[in-house]
1. With a 10 Å Cβ neighbour count serving as the proxy for reagent exposure, in which order, fewest first, do 85, 42 appear?
2. Run the helix sum for the chain: -39,500 (n - 2.57) per DSSP H stretch of 4+ residues, divided by residue count, reported at 222 nm to the nearest 500 deg cm²/dmol.
3. On C-alpha positions alone, give me the angle between the axis of helix 28-53 and the longest principal axis of the chain, in degrees, nearest 10.
4. Separation between the residue 73 and residue 40 pseudo-spin-labels, each 7 Å from Cα along Cα→Cβ, expressed in nm?
5. If you build a Gaussian network model of the chain, linking Cα atoms that sit under 10 Å apart, which residue out of 54, 18, 63 swings the most?
6. Can you bin the chain into rounded, prolate or oblate? Criterion: square roots of the alpha carbon gyration tensor eigenvalues sorted a ≥ b ≥ c, rounded for a/c under 1.5, prolate for a/b above b/c, oblate for the rest.
7. With springs only between Cα atoms under 10 Å apart, run a GNM on the chain and tell me which of 26, 72, 40 wobbles the most.
8. What is the gain in length, in nm to one decimal, between residue 16 and residue 4 on full extension, counting 0.36 nm per residue of separation less the C-alpha to C-alpha distance?
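Each reported figure results from applying straightforward, stated rules to the coordinates on display, with no laboratory input. Everything numeric here is computed off the predicted structure, so don't read it as measured data. Cβ placement follows ideal geometry from the backbone for every residue including glycine, while neighbour counts extend to all protein chains displayed.
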């Protein structure tokens, strides 16, 4: 079920949104829904990451990273699919 939300925007931002929507071939409403959903998801993900790492200090995080990376095999040959052209 959809609901309605009125958002007040500066004229310049509204104009920029109109331009992007036109370039993308979507309505302003579709673009706004996409942008809101994306930003809310990024915000929620950031909060989850912060909660996960809460209580760890920088040294502990890097020690864990170094421990994991130490288990990765040393490989000097770059796979063909990953070569820089």
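1. 85, 42
2. Per the formula, -21000 deg cm²/dmol.
3. Its long axis makes an angle of about 30 degrees.
4. Once both label points are built, they end up 4.5 nm from each other.
5. In this elastic network of the chain, the residue with the biggest mean-square fluctuation among 54, 18, 63 is 63.
6. Here the chain falls in the oblate category.
7. Largest GNM mean-square fluctuation: 72.
8. 2.1 nm
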